[in-house]
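Below you'll find the structure, written out as structure tokens, and then a few comments.
Bear in mind that the values in this text are calculations on the coordinates, not laboratory data. As the structure is a prediction and not an experimental result, all values here were calculated from the model. Note: ideal-geometry Cβ built from the backbone for every residue, glycine included; neighbour counts use all protein chains shown.
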Amino acid sequence: MYKTRAYSAASAASPLARTSIPRRDPTERDVQIEILNCGICHSDLHYKRDEWHDVMPAVYPCVPGHEIVGRVTKVGSGVTKYKPGDLVGVGCLVDSDRTCRECREGLEQFCPNMVLTYGSPDRHGTAPVTYGGYSDSIVVDERFVLRIPNNLNLAAAAPLLCAGITTYSPMRHWGVSEGKKVGVVGLGGLGHMGVKFAHAFGAHTVVFTTSPNKREDALRLGADEVVVSKDANEMKKHAGSFDFILDCVAAPHDVNAFINLLGRDGNLTMVGAPDKPLPVAVFGLIFGRKSFSGSPIGGLPETQEMLDFCGTNNITADVEVIPIQKINEAYERMLKSDVKYRFSIDMASLKSE
Ligand SMILES: [Zn+2]
Ligand SMILES: [Zn+2]
């Protein structure tokens, strides 16, 4: 076991502050990573504030962070995929049972025994729970380590590990491709990645936003059209015309307005997670055989596929890079959607403390 610097919260109400945490020494299959950047996800904030108490009660001290990129510093004797110096990433998962049907199919995101990067019981017993990426080092089994293409800016690549795969996976599942008409609802951390992927897949990409002032940015990110969703006339023009809509809005909103825009066999997938139930008008689904679904991150093979796709197509997130000392301020700003479009922590700032 060794100690490493980190930022942790002692309770739901406390700010994140400098601390030191234990990490295990790399075992045979482990990869030790020096963390260079870590993206800030909304889940980090929800978990730290214990807002998902009913589903996933927070354990303190907590160290969030699951959009990790860094460089391999050491590998165990049985590691075959990585060597010191490699650029790698770690997303939301650091382990799973590897034997269930989901794991056998490379769909670890559905494994009933998955180990989350932070807040899951630590099977190695290094600490009560796993500690995430707001830290300068992490040790992860090579199966859960991903290769980061060398041409990508690292700070901007970090959010691919959660925001990227969360939007990429449902688009692949529902066949987003050239000739399809695809909508993205909400232009934030998830939505802006959704726009980049839909555009890169060759789909006709339409952004729905409540803020007309996001129009220019949406077009810059790759949208072909921008619709202000509060404008009923503008919405009507698109009725029954979409193959797929990715809904990235985590606040209560009228999903039926978007289901009405789907064509026959169209699908609307939620990746935003409102904490209250959303009313769905079932007739809207029946006429047109439409479907309404949700999707979490992706499995390890698909996450690697997404990273390779990003390398080939030069796709990264739009980030504001911050020193870790600004983390609490960043959380406040994130609550006000005051970020374009993701914060990425430069972990060199932690070493300088
Ligand atoms: Zn996340
Ligand atoms: Zn499993």
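Figures for the structure shown
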{"item": "Strands (runs of 3 or more DSSP E) contained in region 64-172 and holding at least 3 residues of a type outside the set (Asp, Glu)", "result": "68-75, 87-90, 137-141"}
{"item": "Selection count, region 18-49, where residues are surrounded by fewer than 19 Cβ atoms within 10 Å (Cβ to Cβ) and within 16 Å of ligand 1 (Cβ to nearest atom)", "result": "2"}
{"item": "Members of region 90-114 found to be more than 19 Å from residue 70 (Cβ to Cβ) and more than 9 Å from ligand 2 (Cβ to nearest atom), listed by number", "result": "105, 106, 109"}
{"item": "Residues of region 177-219 satisfying the condition of being among the hydrophobic types (A, V, I, L, M, F, W, C), assigned to a loop (DSSP other than H, G, I, E, B) and farther than 21 Å from residue 235 by Cβ", "result": "201"}
{"item": "Given (1) in contact with a helix residue (DSSP H, G or I) (Cβ under 6 Å, 6 or more places away or on another chain); (2) within 16 Å of ligand 2 (Cβ to nearest atom), index of the condition residue 143 fails", "result": "(1)"}
{"item": "Matching residues in region 50-73 - criterion: being buried (at least 17 other Cβ atoms within 10 Å of the Cβ) and charged (D, E, K, R)", "result": "50, 67"}
{"item": "Any chance residue 62 is within 16 Å of ligand 2 (Cβ to nearest atom), under 25 Å from residue 17 (Cβ atoms) and touching a strand residue (DSSP E or B) at 6+ places or on another chain (Cβ under 8 Å)", "result": "no"}
{"item": "Which listed residue, of 117, 80, is β-branched (Val, Ile, Thr), surrounded by fewer than 17 Cβ atoms within 10 Å (Cβ to Cβ) and either in contact (Cβ under 8 Å) with a residue 60 or more places away in the chain or under 19 Å from residue 27 (Cα atoms) (or both)", "result": "80"}
{"item": "Candidates 2, 47 - the one that is of a type in the set (Ser, Thr, Tyr) and farther than 16 Å from residue 94 by Cβ", "result": "2"}
{"item": "Some residue of region 68-80 being within 16 Å of ligand 2 (Cβ to nearest atom) and touching a Leu at 6+ places or on another chain (Cβ under 7 Å)", "result": "no"}
{"item": "Scan of region 319-347 for residues that are within 18 Å of residue 152 (Cβ to Cβ), of a type outside the set (Asp, Glu) and surrounded by fewer than 19 Cβ atoms within 10 Å (Cβ to Cβ), ordered by number", "result": "321"}
{"item": "Neighbours by Cβ (under 7 Å, 6+ apart or cross-chain): first from region 222-244, closer than 28 Å to residue 313 by Cα; second polar (S, T, N, Q) and not in a loop (DSSP other than H, G, I, E, B)", "result": "222/205; 223/205; 224/205; 226/209; 244/267"}
